[in-house]
Every structure is written in structure tokens, then in C-alpha cells.
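The values are calculated or read from the model by the stated rules, or taken from the named source; none is laboratory data. Source: prediction; values computed, not measured. When we count neighbours, we look across all protein chains shown, and the Cβ atoms used for this are built from the backbone with ideal geometry, even at glycine.
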Amino acid sequence: MIRNLIFIFLILALYQMWKGFTRGSKTKHFSQNNGLRQIDDEMVKDPHCQVYIPKSSAIKRHIAGQEHYFCSPTCAEKFKEQA
């Protein structure tokens, strides 16, 4: 009985390790600052719908000589129409 429990525990541990290795590119990068974890990504404000989004996932457009960041292509088009 105990041998089976140990075997199941080892299988679960190996699965968790494998899952961690396979999603490496999807994780955020963290830095330590006085013991606190912080995400190394700047938040930018969508000028059309006024929401904050991570700069790394924002849609970047050059409109009227300025660089703007949007949460979606729809917001980018609506902002461009209003400009």
C-alpha cells in the first residue's frame, strides 16, 4: 500500500516538473525588489477605451506622428477615425 502511494507521489511530482518546463515561454519575468516580486512589464493606457494593458501585449500604432498602444484592433481603428 505504501509503495503504491510513493509511486503515485513520484508520478505527480514528475508531471508537475514536466508541466513547468513545457510552459516556459508563457511565463512572465519577475524581479526581486526588497523582497517583493514585480512583473517586468510596463502598463500603458489605451487612448480610446481608457484601459491599462501590458505594453508587451498591446497593439502599437503610429497615428498623427505619435506612437499609441491599444488593447484591440477595434480600439485602434476607432481612435484613428476620431483623429
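Residues satisfying the criterion are present in the range 71-80 (criterion: at pLDDT 85 or above, surrounded by 10 or more Cβ atoms within 10 Å (Cβ to Cβ) and outside any helix (DSSP H, G or I)). Restricting the range 50-66 to residues that are in contact with a helix residue (DSSP H, G or I) (Cβ under 7 Å, 6 or more places away or on another chain) and under 12 Å from Lys80 (Cα atoms) leaves a set whose member that is surrounded by the fewest Cβ atoms within 10 Å (Cβ to Cβ) is Ile63. Listed by first and then second residue, the pairs linking a residue in the range 53-67 that is part of a helix (DSSP H, G or I) to a residue that is surrounded by 10 or more Cβ atoms within 10 Å (Cβ to Cβ), with Cβ atoms under 8 Å apart and 6 or more places separating them unless they lie on different chains, are Lys55/Asp41; Lys55/Glu42; Lys55/Met43; Lys55/Val44; Lys55/Tyr69; Ser56/Asp41.
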